Amino acid sequence: MTEFKPLVFSGVQPTGNLHLGNYLGAIRKFVALQENNDCIYCVVDLHALTAQLVHEDMATQIRSITAAFLAAGIDPKKHIVFNQSQVPQHAELAWIFNCVARIGWMNRMTQFKDKAGKDREQASLGLYAYPSLMAADILVYRATHVPVGEDQKQHLELARDIAMKFNMDFAEKIRPTGLGIDIKVGDEPVHAYFPMVEPLIDGPAPRVMSLKDGTKKMSKSDPSDLSRINLMDDQDAISKKIRKAKTDPDALPSETEGLKGRPEADNLVGIFAALADKSKADVLSEFGGQQFSVFKPALIDLAVEVLAPINAEMRRLMEDPGHIDAVLRDGGERARTRAEKTMNEVRDIIGFVR
Ligand code: TRP
């Protein structure tokens, strides 16, 4: 029994401003993973067309996610940073996966139901096929580990289902090519060409909630900008938003138990803990018994300390779009080489003439 070579892949859509939740939940994880792994980080611009076709500022959005990756510390020389549309093999493998995935599987995707809303007839075919393209993003590199938020778990399960069906349906064609390896799926031995991807969901990443309503996720689509801290916010904006963040009248508790039923307090303590790389219990042992009038200024200082350098570097990078584009082109070229190798193997397995 062998194993696939570990490879980390993740994608971020170039829609809307990146905020603190994206940073703590995703980008910071990407940075940590690059220490011990081969990583590919992709700005998924093809996915951005699924909900809305025309974007005024598509190029700026792509560059700004890239700038955030670089400013946060992702090394585009050791790893690969690129935008999806530069590697047409993603769309090509997605087509094959469209023929692997079953309509019944797609119909179970809760994100499609949410995003399509009531008028499903008017949703794009691309929105429906979105998870199939996502599976192709990952599997065109035969990546094994995918850092994502909880909301993407179902899409990764679908990627496993697609990989499994491909492996099973083509088993007799994979074997003679020598391209597959023997893995175990549960207790079942499988001769696999595509790996079973693992989500990397847990870790220190907190669920970052709205600053205006501790029961709602911090979101780029919230109409109130005061509800979120954007990565492009400067020091004044960060401090204003935290000062205005919703709280309750009580002092902070000394133990995490005391945060129950206090969503706003819980959220701010969670953000502090994540920014400081501590547990909530540690934060409360420092601030338990204190009022928000004491805690908020401390949170402002910490948020500014962590985010201001990233913010400054993002602004600096955004002033030189030519440099960002060069990084993406270089990443795109290296990604394409790897993806084309997989596609040639897939073409051979299927039996296409080339
Ligand atoms: N669907 C992901 C999101 O909205 C973005 C994404 C596209 C992705 N392709 C991916 C994430 C591949 C991980 C791996 O967050």
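The residue pairs whose first member lies in the range 125-149 and is at positive phi, whose second member is more than 8 Å from the ligand (Cβ to nearest atom) and of a type in the set (Ser, Thr, Tyr), and whose beta carbons are closer than 7 Å, counting only pairs six or more residues apart or on different chains, are Arg142/Thr342. When the test is whether a residue is part of a helix (DSSP H, G or I), of a type in the set (S, T, N, Q) and within 21 Å of Ala163 (Cβ to Cβ), Gln61 does not pass it. If the condition is being among the small types (Gly, Ala, Ser), within 13 Å of the ligand (Cβ to nearest atom) and in contact with a Leu (Cβ under 9 Å, 6 or more places away or on another chain), then the range 27-73 contributes only Ala51.
For Asp213, the test of being out of contact with any strand residue (DSSP E or B) (no Cβ under 6 Å at 6 or more places or on another chain), closer than 30 Å to Phe352 by Cβ and among the acidic types (Asp, Glu) is failed.
Would you call Gly270 in contact with a strand residue (DSSP E or B) (Cβ under 9 Å, 6 or more places away or on another chain) and either without any contact (Cβ under 8 Å) to a residue 12 or more places away in the chain or small (Gly, Ala, Ser) (or both)? Spelling it out, Gly270 is indeed in contact with a strand residue (DSSP E or B) (Cβ under 9 Å, 6 or more places away or on another chain) and either without any contact (Cβ under 8 Å) to a residue 12 or more places away in the chain or small (Gly, Ala, Ser) (or both).
Among the candidates Leu328, Leu275, single out the residue that is in contact with a Leu (Cβ under 7 Å, 6 or more places away or on another chain) and in contact (Cβ under 8 Å) with a residue 40 or more places away in the chain.
Numbers: Leu328 fails: in contact with a Leu (Cβ under 7 Å, 6 or more places away or on another chain).
After ruling out the rest, the residue left standing is Leu275.
Yes or no, residue by residue, for (1) within 25 Å of Phe295 (Cβ to Cβ); (2) in contact (Cβ under 8 Å) with a residue 24 or more places away in the chain; (3) buried (at least 16 other Cβ atoms within 10 Å of the Cβ):
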| site | (1), (2), (3) |
| --- | --- |
| Ala192 | no, yes, yes |
| Glu198 | no, yes, no |
| Ile201 | no, yes, yes |
| Ile229 | yes, yes, yes |
| Gln235 | yes, yes, no |
| Lys240 | yes, no, no |
| Lys246 | yes, yes, yes |
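Taking the criterion of being within 14 Å of the ligand (Cβ to nearest atom), in contact (Cβ under 8 Å) with a residue 60 or more places away in the chain and open to solvent by 30 Å² or more (accessible area, probe 1.4 Å), the residues of the range 1-15 that qualify are Gly11, Thr15. Going through (1) surrounded by fewer than 18 Cβ atoms within 10 Å (Cβ to Cβ); (2) within 14 Å of the ligand (Cβ to nearest atom); (3) over 20 Å from Ile350 (Cβ atoms) one by one, Ala91 falls short only on (3).
The number of residues in the range 109-143 that are among the charged types (D, E, K, R) and open to solvent by less than 10 Å² (accessible area, probe 1.4 Å) comes to 1.
The values are calculated or read from the model by the stated rules, or taken from the named source; none is laboratory data. These numbers were taken from a predicted model, which means no experiment stands behind them. Note: ideal-geometry Cβ built from the backbone for every residue, glycine included; neighbour counts use all protein chains shown. Each accessible area value is taken on the protein alone, full model and side chains, heavy atoms only, with ligands, DNA and RNA left out. Shrake-Rupley method; radii C 1.70, N 1.55, O 1.52, S 1.80 Å.
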